[in-house]
Amino acid sequence: MSGTASTYQHGPLLPGLDSVRLLRLLPLEGNNKAETIHCELANYKLGETGEEAPQYEALSYVWGDCSHTRRIMIHGQPFNVTVNLYAALLRLRERGTGWIWIDGICINQKDQKERGHQVRYMAKIYGKAYRVVVWLGEEADHSPRAFEAIRSRGSMVELLDDETIKLAVLALLRRSWFRRIWILQEVAAARRIEIICGEADVDGYRFCVGLKALQPIYKPHADIYGVVSSVMFLIRQANFRPTQGIRWEDMSFLAIRPLGELIDMYNAQGASDLHDKIYALLGMRSDTQGSVEIIPDYHTPWSSLFHRVAEHFFSMEAYIHTWDEKETAVIRAMGKVVAKVTSIVPSSGWTDSQKVDITSTDLARYYEDQETWTARLTLHTPEKSVQPGDLICTFNNMQTPIIIRRCEHYFSVVMVGAKCPESVQMEGGESRRWAQIVTNTALLPTRIPLLWDWGNQADSFYHSTEFWRLLEIPLKYSFEQHHSPLDIPRLIQPIWLENMALLLERLGDSATAVTKLQEADQVFEKLIGSSHLTKLKLLRERITNYSEQADWKSATVDGLALLKLHTEIFGPQQSGTLTTMLNLADFNSQLGLWHEAATLYLSVHEGKVKLLGQDHPESIEVAASLSGCYIQQKHWAQAADCEENLVLKHREITLGRDHPLTLRSMEILSATYGSLVLSAKEPATQNTYRNKARRLEFDISKLTRGKGKGNWDEEDDDAEFFTLRDVDERISSQAMNNAKWPAFSVHRNTPGLKGTKARLWEQ
C-alpha cells in the first residue's frame with residue numbers, strides 16, 4: 001500500500017474505530033466512455049449505531065506501477081490513481097455501481113497513522129460490504145476464452161485439449177492479483193464475490209468450480225498450483241457465509257487459521273510494503289488469545305516486526321538476525337529433532353490439507369523404554385511443500401512441531417504452524433499423547449542453524465559476502481577484548497558450520513559432518529593462523545583418544561592446555577570456551593578431584609546462565625553436575641541449595657513435575673536432606689530437614705504411584721500410603737548411600753568417546 005501524489009486533500013475520518021470513507025462514482029453523462037471519471041467521498045460509520053453506511057461494494061485489485069498514473073476528479077479536484085485502478089473504475093462506471101470502498105482512494109495513504117488504523121479493520125470493511133468485486137485487469141492473452149472455459153458446462157475433454165484455452169488459463173492464473181497478499185483477507189471476509197476481467201465476469205463460486213475442473217491444465221505448474229489453490233480455498237468459503245445478521249463486533253477476526261499456519265501458506269505472496277506480509281494476515285488469524293499480539297504500525301521497522309514474529313516461534317533466547325530490506329531471518333535456536341517425515345498422502349477434493357507420516361529419530365525415542373514411535377500429522381498445504389526426509393523439531397520447550405529441511409549449508413524452515421498429532425503409536429502397539437512423547441524424550445536440545453526465508457532467496461543469500469558481513473555475533477558472545485571488530489562477524493561462519501556438523505553427526509550422517517568440520521577448520525585457519533589451528537586440532541584429537549581409553553589424567557592435562565588456548569583465542573565467555581571447561585570438569589570428576597571439578601562446573605554454570613538463561617537445559621545439566629560434586633565432598637548444605645534452586649526448580653518449570661529427570665532430582669534432594677538430618681547437631685535443625693525430606697517423599701509417591709491424597713501435613717503420623725517411620729528409614733538409607741553415588745550416575749552418563757567428541761565439535 002504505497003502513497004499517491006494528488007491535489008485533492010483527504011479530510012479527517014469521523015471519530016471512532018468504525019469510521020470509513022466510501023466512494024460514489026458519478027454516472028456517465030454522455031456516450032463517451034473515456035470521459036473523465038468524477039466521484040465523491042463521504043464519511044460513514046460501519047457500526048451498529050450512529051450514521052449507518054449505505055449498502056456498498058469493496059474492490060479487490062492490484063495497484064500496479066505507482067509511477068504511472070491517471071487523473072480522476074473527486075469533488076471537482078484532481079486526484080491521481082494507478083493505471084490499473086483507473087481501468088477498474090471505468091469498468092465499474094460502465095456496469096453501474098453505487099457506493100464502493102477502494103483502499104487507494106478511501107484511505108489517506110500519506111497518513112501512516114490512518115493507514116495502520118484502517119489496516120487493522122480491513123476484515124470488517126470487506127465483511128460488511130454486500131459484495132466484493134475482484135478486478136483481475138484488462139482483457140489480454142485470450143482472457144475471454146479462459147472465462148468461457150471457466151463458465152463452461154460442456155465437455156471438459158474438449159477444453160483440456162484446446163491449446164489456446166490452456167495458454168489462456170495459465171496466463172490468467174499468472175496475473176499478479178493472485179499473488180498480492182491483501183487479496184487473501186479481502187476474499188476471506190467476503191459474503192459475495194464477483195470476478196471481472198475486462199468485459200468478462202463470473203461469480204466467485206462458479207469461478208472456483210470451473211478452475212477445479214480445469215486443474216489438469218495448471219497443476220503441473222508449481223508457480224501456479226499452490227498459490228491458486230490457497231486463494232480458491234478462501235473464495236469458495238464466501239458461498240457459505242451468512243449475508244445478513246452479522247454484527248460489527250463479531251468481525252474483528254475471521255478466525256480462519258492460527259497465525260503460524262497463515263504464514264506457512266501465504267508468506268510468498270507479494271506486497272509493496274514488507275509490513276503487509278504480516279499485517280494482511282492478522283484479520284484472518286484464529287489464535288487471538290495467548291499468542292503474539294501485533295498491532296499494525298508502519299513506523300515499526302520491518303526488521304523489528306519480523307524479529308518479533310520469529311521470537312514467538314523459536315524462543316526469545318534464540319539468536320535471530322533480520323534486515324529491513326530482506327525477507328530472510330537467520331536463526332540459531334536450541335531445538336530437539338524428534339522425528340522425520342517418511343511419507344505424504346495428499347488429500348483429494350476441495351480440502352487444502354495433507355496427511356504426513358512421521359517416525360522418531362534414533363535419538364528421540366521414548367525416555368522410559370527407548371521405543372521407536374510413529375505418528376500421522378494432518379497439515380495444511382504450505383507455500384513450501386513438505387517432503388520425505390524433512391525433520392520434525394520442537395523449540396523453546398514448546399510442544400508445537402516445526403518442520404525444517406536439511407540444505408547444503410543450513411536447515412531451512414518449512415512450516416512453523418504444524419498441528420500436534422492426536423496420538424503417537426509406540427513400537428509395542430501402545431498409544432501415547434504427543435505431549436508425553438515430546439516431554440519425555442531422552443534427547444537434549446542442540447543448536448540448530450536455520451534460515452527462515454519468505455522470498456525464496458535463502459541459498460543465494462547464504463553464499464553472498466553480505467550474509468557473513470552483516471551477520472553479527474550477539475553481544476552475549478563477547479569477543480571484543482580478543483579480536484578487532486572486523487574479525488568478530490567472521491567468527492560466526494565456522495561456528496555455524498560446526499553446529500551443522502554436530503547436528504548431522506547426531507542424525508547419523510558422520511561423513512558430511514566431517515566435511516563440515518573441515519570447512520570450519522579452513523575458515524579458522526584464515527582467521528587465527530595455521531599454528532593456532534594445528535594446536536587446537538592436535539589437542540582435540542588427543543583428548544578424544546584419551547577419553548576413548550578412559551585415560552582421564554592425560555585428558556585433564558591436555559584439557560587444561562586446550563582451555564588456556566581457547567580462552568586466548570575466543571575469550572572466557574564464548575560458548576566453545578565454556579564447553580572446553582565443561583569437558584575438563586568431567587575429566588576431574590572421573591579422577592575424583594571433586595573440588596577442582598566443582599570449581600569448573602560453577603564457572604561453566606555462571607557462563608551458561610549469562611548466555612542462555614537459568615531455565616535452559618544446558619544450564620540445568622551443569623548445575624546438576626555441580627550438585628553431584630558437592631554430594632561427593634559431603635558438602636550437604638551446598639548440595640541441597642544447588643539441587644533445590646538451580647536444578648529442581650528449573651526442571652519443574654521446563655519439564656514438568658512428573659518428568660523422570662525432575663523426579664530424580666527430587667529423590668536426590670530428599671536424600672541430601674536426609675544427610676543434613678544425620679549431620680545436624682541441633683534437634684530443631686534436624687526436624688526442619690526431616691520435614692523437607694518427608695514433603696519430597698510425599699510428592700514423589702503422589703506423582704509416581706498415584707497415592708498421597710491432599711496436601712502434606714507434617715503433624716500427620718499416619719499417612720494413607722506410608723508411615724513416617726517407613727519414610728524416615730528410607731531417608732536415612734538414602735543419606736547413608738549418598739557418599740557412594742558417583743556424580744555422573746546421578747545426572748548424566750559418563751562422557752565416553754562419542755559424548756566428548758560431540759562436545760568438542762560444539763566448540
Report task. Express the accessible area of the stretch 530-704 per residue in Å², computed with a 1.4 Å probe while the remaining protein chains stay in the model. Result -> 40 Å²
Query raised in the report: If you count, for each residue, the other Cβ atoms within 10 Å and average over each peptide, how do 64-71, 614-621 line up from highest to lowest?
Result: 614-621, 64-71
Report summary line: In Å², rounded to a whole number, the accessible area per residue of the stretch 19-129 with probe 1.4 Å is 41 Å²
Query - Ranked by how many other beta carbons lie within 10 Å on average, peptides 101-110, 311-320 from highest - result: 101-110, 311-320
Query raised in the report: For the stretch 515-595, rounded, prolate or oblate, judged on the Cα gyration tensor with a ≥ b ≥ c (square roots of eigenvalues), a/c < 1.5 rounded, else prolate if a/b > b/c?
Result: prolate
Query raised in the report: Given the pairs Lys336/Lys419; Lys564/Lys610; Lys124/Lys419; Lys526/Lys553, which span a C-alpha to C-alpha distance of over 23 angstrom in this model?
Result: Lys124/Lys419; Lys526/Lys553
Report summary line: With all protein chains present and a 1.4 Å probe, the order of Val81, Val345 from largest accessible area down is Val345, Val81
**Report entry** Dimensionless Rg ratio for the stretch 530-704, taking C-alpha atoms and the 2.2 N^0.38 Å reference
**Finding:** 1.19
Report summary line: A 1.4 Å probe over the protein heavy atoms gives the stretch 143-240 a carbon and sulfur accessible-area percentage of 52 percent
Report task. Starting from the residue with the highest accessible area, list Ser603, Ser627 in decreasing order, probe 1.4 Å. Result -> Ser603, Ser627
Requested in this report: Could you check how much of the accessible area of the stretch 530-704 is carbon and sulfur, as a whole percent, using a 1.4 Å probe?
Outcome: 52 percent
Report task. Over the Cα atoms of the stretch 143-240, compute the convex hull volume and normalise it per residue, giving Å³. Result -> 89 Å³
**Report entry** Phi to ³J(HN,Hα) by Karplus 6.51 cos²θ - 1.76 cosθ + 1.60 over the stretch 569-585, Hz, x for Gly, Pro
**Finding:** 7, 10, x, x, 9, 5, 4, x, 5, 5, 5, 4, 5, 5, 4, 5, 4
**Report entry** Gain upon complete extension [Lys535, Thr7; 0.36 nm per residue less C-alpha separation]
**Finding:** 182.9 nm
Requested in this report: Compute the length gained on full extension between Leu14 and Glu29: take 0.36 nm times their separation in residues and subtract their Cα-Cα distance, giving the result in nm to one decimal.
Outcome: 2.2 nm
Query raised in the report: What FRET efficiency do you get for Asp357 and Asp273 if R0 is 45 Å and r is their Cβ-Cβ distance, rounded to the nearest 0.05?
Result: 0.70
**Report entry** Probe 1.4 Å, protein heavy atoms only - accessible area per residue of the stretch 143-240 in square angstrom
**Finding:** 39 Å²
Report summary line: By accessible area (1.4 Å), largest first, Trp99, Trp63 order as Trp99, Trp63
Report task. Report Leu28's accessible area, 1.4 Å probe, all protein chains in place, as a number in Å² to the nearest 10. Result -> 60 Å²
Query - Solvent-accessible surface (1.4 angstrom probe) belonging to Arg257, in square angstrom, nearest 10 - result: 40 Å²
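The values are calculated or read from the model by the stated rules, or taken from the named source; none is laboratory data. Quantities reported herein were computed from a predicted structural model and do not represent experimental measurements. Cβ atoms come from the backbone with ideal geometry, glycine included; neighbour counts cover every protein chain shown. Ligands, DNA and RNA are stripped out before the accessible areas are found, and what is left, the full protein with its side chains, is counted by its heavy atoms. Shrake-Rupley method; radii C 1.70, N 1.55, O 1.52, S 1.80 Å.
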